[in-house]
Amino acid sequence: MKPIKNVALIAHDNRKQELVLWLQEHQTKIINCHIITTGTTGRLIEESTDLKVERMHSGPLGGDQQIGAKISEGKVDLLIFFWDPLEPMSHDPDIKALLRLSTLWNIPIACNKSTADFIIKSPLMLDYHRDTPDFEGYQTRKV
């Protein structure tokens, strides 16, 4: 068992302020985590909180894919992604891929404030064992 230490934070434009307000409320619970963000979201977080972040590219420029790669490498324990379901995004395939990878690798995902609240207040934030799937058979099968 170990605490959740690597947290990816993403927010679409219409949800960035909501994520920043959420982080201001909960930054003492997440301040010791390694935080990975997409570009603009990370800049806003650094300007509005005491949190330090590792910034990837902006989502439309590949940031969602960069975070997806970190998930597949086992470098993300939790994804908090305040996405906007009412706004069409030019990079929708990247967003779907990110959510797919999170599900595939059994990463907890919060897509709204309510779910983020449940996760951040859970005792599992401090003591969690995430089952990681074993894809050995899948990777070695012959096609």
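Checked against the criterion of being within 15 Å of residue 5 (Cβ to Cβ) and in contact with a strand residue (DSSP E or B) (Cβ under 8 Å, 6 or more places away or on another chain), the candidates 46, 73, 54 yield just one match: 54. Out of contact with any His (no Cβ under 9 Å at 6 or more places or on another chain), surrounded by 11 or more Cβ atoms within 10 Å (Cβ to Cβ) and at pLDDT below 95, is that true of residue 86? No: the conditions fail for residue 86.
Evaluate the following for residue 74: is it within 25 Å of residue 21 (Cα to Cα) and of a type in the set (Gly, Ala, Ser)?
Considered against the rule, which asks whether it is within 25 Å of residue 21 (Cα to Cα) and of a type in the set (Gly, Ala, Ser), residue 74 comes out as no.
Condition check ((1) hydrophobic (A, V, I, L, M, F, W, C); (2) loosely packed, with under 15 Cβ neighbours inside 10 Å; (3) under 25 Å from residue 13 (Cα atoms); (4) modelled with pLDDT of 95 or more) across all residues:
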| position | (1), (2), (3), (4) |
| --- | --- |
| 43 | no, no, yes, yes |
| 51 | yes, no, yes, yes |
| 64 | no, no, yes, no |
| 138 | no, yes, no, no |
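Per the listing 126, 99, the residue uniquely more than 14 Å from residue 37 (Cβ to Cβ) and surrounded by 13 or more Cβ atoms within 10 Å (Cβ to Cβ) is 99.
Could you tell me how many of the residues in the range 122-136 are in contact (Cβ under 8 Å) with a residue 12 or more places away in the chain and either outside any strand (DSSP E or B) or not aromatic (Phe, Trp, Tyr) (or both)? Quick ask: steps written out before the conclusion?
Taking the range 122-136 and keeping what is in contact (Cβ under 8 Å) with a residue 12 or more places away in the chain, we get 124-133.
So of that shortlist, the ones also either outside any strand (DSSP E or B) or not aromatic (Phe, Trp, Tyr) (or both) come out as 124-127, 129-133.
So the count comes out to 9.
Assessment of the range 69-77 against the conditions (touching a helix residue (DSSP H, G or I) at 6+ places or on another chain (Cβ under 7 Å), farther than 28 Å from residue 129 by Cα, touching a residue at least 40 places away in the same chain (Cβ under 8 Å) and surrounded by 13 or more Cβ atoms within 10 Å (Cβ to Cβ)) yields no matching residue.
The values are calculated or read from the model by the stated rules, or taken from the named source; none is laboratory data. Everything numeric in this text was worked out from a predicted model, so none of it was measured. So basically every Cβ, Gly included, is an ideal-geometry build from the backbone, and we count neighbours across all protein chains shown.
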